[in-house]
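The numbers here are math on the coordinates, done by the rules we state, and not lab data. These numbers come from a predicted model, not from an experiment. Glycine gets a Cβ as well: all are built from the backbone with ideal geometry, and neighbour counts include every protein chain shown.
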Amino acid sequence: MTQSKAMKHEPLPDPYQDEYSRTTFGFWVYLLTDFMMFATIFAVYAVLHKSTFGGPGPKELFDLPSVMNQTWVLLVATFFVGFGGASVHRKHRAGTITYFLLTFILGITFLWLQFDDLSLLVKRGASWKSNAFLSAYFTLIGTFAVHIVFGLLWIIVLILPVIKRGIDMVSVRRLTCLRMFWQFLNIIWIFIFSIVYLLGVIQ
Amino acid sequence: MIDAHHGWNLSFKPITLGFIFSLILTAAAYRIVTHYHLSNTVLTAAVVVLGCVQAVLQLIFFLHIGLESKPHWNTMFLLYMVFLIIILVGGSIWIMHHLGYNVMPTMDKLHNMW
């Protein structure tokens, strides 16, 4: 575009000028591409969930009450991460540290419950090597668990500077991204819980 | 600058509301599946609808989607991604179902072959 042409238009008001808005928007774009990756794995699971090679299917293998416990733990963790995010914006240092550490503890609990469930499946002979359905299932759940692990590492990395130095502009921005990451994972879990577990037990 | 989103970044209220809605919807979906003997079609529809409602509520109350100032880039990008995902997931299920139907030998087809 030439200079004169650009001068003709009034500059539009751009709400994404400051660094905070640009970073959170960019992070949102990343989260949506992550959403796309989960959707691809979901599509694989949807295509393969009946290919059990004569073995037990979702109805026989999934332990719904245990999955329900995982869901409650993750939901409460998401609740606390939201409170943590609000505390950061209010510059409440003690609140921020408390809520993010509570999220951390609940995240560990979630992983532990999930690991318990999956190792029970493997012990019963239903590992990812058994059939296409279980390969797709372990890929989906494993990808989710890896995201949670990185979320937990991220909490440690971001909370330590807050404990040491307090809250500044940088930590507000970073902790907001972390909050969005965790809340996004909970939305993915809604779909895993509804489609993989609840609908798996129906069929 | 920082609280551009109607002060929602500072408030505990939308998080609490979203949390209560999520608790109710999750419990409802679980109870429908475990306690009621409905037909599979009805159950599937109910679980999918409850899940989608909960996802939308969490997007609004937790991630403040749709509340950002104009132009709504966050919302537009989300809607475009949802459109792509519907094509990707729906298309995969559809095409693989037909492929399986046409290519893979079923048991009675195998019997006819022998």
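For the reader, a short list of remarks on this structure follows.
- At R0 = 30 Å, FRET efficiency that the Cβ-Cβ distance of residue A:23 and residue B:27 yields, to 0.05: 0.25
- When only the Cβ of Lys, Arg, Asp and Glu is charged (+1, +1, -1, -1), the dipole of the protein assembly as shown relative to its Cα centre reaches about 360 debye.
- Linear extension gain, residue A:145 paired with residue A:101, 0.36 nm per residue minus alpha-carbon span: 14.0 nm
- Residues A:24, A:143, A:33, arranged from fewest to most other Cβ atoms within 10 angstrom of their Cβ, appear as A:33, A:143, A:24.
- Computed from the C-beta positions of residue A:153 and residue B:97 and an R0 of 41 Å, the FRET efficiency is 0.55 to the nearest 0.05.
- As a proxy for reagent exposure, ranking A:27, A:133 by other Cβ atoms within 10 Å from fewest up yields A:27, A:133.
- Simple rule: put +1 on each Lys or Arg Cβ and -1 on each Asp or Glu Cβ in the protein assembly as shown, find the dipole, and look at A:86, A:73, A:27; the Cα lying farthest toward the positive end is A:86.
- Förster radius 25 Å - calculated FRET efficiency between residue A:36 and residue B:12, Cβ distance, rounded to 0.05: 0.20
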